1. Please work out which one of (1) more than 30 Å from GLU376 (Cα to Cα); (2) at pLDDT below 90 is the condition ILE43 fails and give its number.
2. Does the stretch 327-337 contain any residue that is without any contact (Cβ under 8 Å) to a residue 40 or more places away in the chain, among the hydrophobic types (A, V, I, L, M, F, W, C) and either surrounded by 20 or more Cβ atoms within 10 Å (Cβ to Cβ) or closer than 18 Å to MET267 by Cβ (or both)?
3. Filter the stretch 46-58 for residues that are in contact (Cβ under 8 Å) with a residue 12 or more places away in the chain and among the polar types (S, T, N, Q); which is surrounded by the fewest Cβ atoms within 10 Å (Cβ to Cβ)?
4. Six or more apart or on different chains, Cβ atoms under 6 Å: show the pairs whose first residue is in the stretch 369-394 and farther than 16 Å from ARG422 by Cβ and whose second is among the charged types (D, E, K, R) and open to solvent by 10 Å² or more (accessible area, probe 1.4 Å).
5. Look through ALA58, ALA30 and report the one residue that is touching a Phe, Trp or Tyr at 6+ places or on another chain (Cβ under 8 Å), assigned to a helix (DSSP H, G or I) and among the small types (Gly, Ala, Ser).
6. For the stretch 165-195: of the residues being within 26 Å of MET218 (Cβ to Cβ) and modelled with pLDDT of 90 or more, which is surrounded by the most Cβ atoms within 10 Å (Cβ to Cβ)?
7. Among the residues of the stretch 222-234, is there at least one that is over 17 Å from LEU98 (Cα atoms), open to solvent by 30 Å² or more (accessible area, probe 1.4 Å) and assigned to a helix (DSSP H, G or I)?
8. Pick from the stretch 59-91 the residues that are open to solvent by 50 Å² or more (accessible area, probe 1.4 Å) and of a type in the set (D, E, K, R): which of them is nearest to MET224 (Cα to Cα)?
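The values are calculated or read from the model by the stated rules, or taken from the named source; none is laboratory data. From a predicted model like this one, the values you see are computed outputs, not experimental measurements. Here the Cβ positions follow ideal geometry from the backbone for every residue, glycine too, while neighbour counts run over all protein chains shown. Quick note on the areas: whole protein, heavy atoms, side chains included, nothing else; ligands and nucleic acids left out. Shrake-Rupley method; radii C 1.70, N 1.55, O 1.52, S 1.80 Å.
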Amino acid sequence: MTANQVALSYLLASVLFILSLRDLSDPASARRGNLLGMIGMAIAVLTTFAISHRFDLAIAALVVGGLLGAVVAKRVEMTQMPELVAAMHSLVGLSAVLIAYAVVSDPTAFGLETPIPPGNRLELFIGTFVGAITFTGSIVAFGKLAGLGKYSRLFSSAPVVFRGQHFVNLVLALVMIGAGLLFFAASPEGQWPPFVFMTVLAFVLGILTIIPIGGADMPVVISMLNSYSGWAAAGIGFSLNNPMLIIAGSLVGASGAILSYIMCKAMNRGFLSVILGGFGGETAAGAAGGGEQKQVKSGSPEDVAFLLSNADSVIIVPGYGLAVGRAQHATKEMADKLTAKGITVRYAIHPVAGRMPGHMNVLLAEAEVSYDQVFEMENINSDFGNTDVAFVLGANDVVNPLAEQPGSPIYGMPILEAHKARTVIVNKRSMAVGYAGIDNPLFYMNKTMMVFGDAKKVMEEIVKAIE
């Protein structure tokens with residue numbers, strides 16, 4: 001391919017990526033967005049193959065990676081998607097580090113002069129430490145999401161904190177930057193010690209940055225690491241002198257940063273406080289103060305079917321429990337039965353429901369729930385007060401009224417106001433607390449009926465009981 005053909009191909013791929021992001025912002029157009037993104041990536045990959053000097057190695061890498069991806073995609077459950085995303089982020093970070101080391105080892109193979117020019121050294125420094133932090137940080141996030149805390153405390157879903165933690169992180173960051181400056185100024189013979197030292201410190205920082213973040217903040221961590229992986233990919237692009245990687249990485253990095261901001265706003269927390277683990281420690285302290293026994297009113301699936309059948313309006317609030325039980329199809333079947341009886345049924349989605357942004361939207365889309373029945377929090381909250389039944393399926397923190405009480409660890413966090421409905425039904429496996437680690441007064445209200453059990457089994461029994 002000529003240089004102009006390569007430039008035009010990469011430009012077309014970039015335009016498709018931008019259009020993909022636009023369509024992915026709306027559930028109704030998300031499928032088209034995915035398709036545009038795949039077409040854009042296919043164009044970018046084929047163009048890169050066309051200019052590759054080792055076509056055989058490129059094909060081998062594609063086949064091996066494609067097969068592994070296909071196997072993982074077949075085996076992963078929907079509830080494991082957050083862990084999968086974290087694992088993929090770690091691979092992008094590691095790729096950035098390995099490519100940076102390849103460039104430093106043989107600059108001429110990448111079209112660079114020896115010694116490496118200052119501008120390229122700066123790119124390598126930034127790409128390496130961002131990639132290293134992304135790699136180890138994503139591994140810790142994977143462990144927390146996968147419940148590996150029983151094997152190592154580093155992966156505990158509870159915040160892992162120690163005295164002077166922030167000071168240690170600050171010192172390590174400053175020393176890492178100092179090592180980067182030494183690499184920047186070193187001769188080709190003396191560049192390896194500071195470069196390796198800087199990389200090791202970045203790996204350690206990645207671990208120390210994520211371990212103090214509790215499970216309640218995992219949606220923010222996922223979006224934050226998504227942003228990091230994008231910037232790491234952009235760094236790879238600079239190292240390889242590949243404009244396509246720079247553009248794609250920048251798009252991912254910028255969109256991930258925006259998503260992180262949206263998630264923090266939805267949880268009423270500052271981005272820095274989440275990254276520094278401040279919220280996690282506060283939540284743990286707040287959770288430790290409870291413990292008194294309270295009474296709840298429980299019912300059967302038949303009781304739920306009676307209440308739902310005699311309502312005029314129902315709002316379903318899906319949560320992680322629905323994902324664990326894989327109850328989305330049974331829930332849609334129940335909603336269809338109620339709709340056939342003339343009952344208005346809608347779904348209320350909280351921005352951080354589940355364990356990653358958009359988790360509930362994906363589950364409902366998988367069950368082919370109509371998009372016009374699905375409402376975001378800001379569009380449906382005002383309707384709870386006029387709703388006969390709010391049916392909470394496996395959600396906890398996102399419907400916790402403590403968010404409205406000053407002094408609560410989650411005070412100020414926007415919630416779905418299910419407690420304002422005339423009747424509240426809550427399906428949970430047990431009375432265990434959510435990721436925030438605090439009790440939920442909604443479960444003990446006089447108008448609340450708890451229905452305990454696996455979400456799918458409970459929903460199937462409700463479907464059978466609705467006449």
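1. (2)
2. Yes: the stretch 327-337 contains one or more residues that are without any contact (Cβ under 8 Å) to a residue 40 or more places away in the chain, among the hydrophobic types (A, V, I, L, M, F, W, C) and either surrounded by 20 or more Cβ atoms within 10 Å (Cβ to Cβ) or closer than 18 Å to MET267 by Cβ (or both).
3. Filtering first and then ranking leaves THR48.
4. VAL369/LYS332; GLN373/ARG346; PHE375/ARG346
5. Unique residue meeting the criteria: ALA58.
6. Among those residues, the one meeting the criterion is MET176.
7. Looking through the stretch 222-234, at least one residue is over 17 Å from LEU98 (Cα atoms), open to solvent by 30 Å² or more (accessible area, probe 1.4 Å) and assigned to a helix (DSSP H, G or I).
8. It comes out as GLU77.
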